[in-house]
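To start, the structure under review is shown below, and the notes come after it.
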């Protein structure tokens, strides 16, 4: 069961990333952030179930960062960098 969850999470993150690199989504957009929250959340559940602590920490931080960006968006990204 958790393996299916992991594949669904991975798919969500990869689709968001590909769409962002193609200019379809923006990394601060609501859909992109939701896809990251859901995907990293699913992967965190899997990581916890199989006791992959480093991966669990990575996914929890990624999920929380996306969640914070969704609820408290920061200033627009500097396009000159």
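Nothing in this text is a laboratory measurement; each read-out follows from the coordinates by a stated rule. Because the structure is predicted, anything quoted here is derived from the model rather than measured. For neighbour counting, all protein chains shown are included, and Cβ atoms are generated from backbone atoms with ideal geometry for every residue, glycine included.
What number results when the radius of gyration of the chain, computed over Cα atoms, is divided by 2.2 N^0.38 Å? List each step's numbers first, then the result.
Numbers: Rg = 13.4 Å, N = 81, 2.2 N^0.38 = 11.7 Å.
Rounded to two decimals, the normalised Rg is 1.15.
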Problem set entry | Spacing of the two label points (7 Å from each Cα toward its C-beta) at residue 14 and residue 61, in nm | 2.4 nm
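In whole percent, what relative contact order does the chain give with Cα contacts below 8 Å and a gap of six or more residues?
Details: 81 pairs, mean separation 25.1, N = 81.
Normalised by residue count, the contact order of the chain is 31 percent.
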For this session: May I ask you to compute the full-extension gain from residue 52 to residue 72, defined as 0.36 nm times their residue separation minus their alpha-carbon distance, rounded to one decimal in nm?
Result: 4.2 nm
Exercise. What angle, in degrees between 0 and 90 and rounded to the nearest 10, separates the Cα long axis of helix 2-21 from the longest principal axis of the Cα atoms of the chain?
Worked result: 20 degrees
Exercise. Mind checking the angle between helix 53-71 and the chain's longest principal axis? C-alpha axes, 0 to 90 degrees, to the nearest 10.
Worked result: 40 degrees
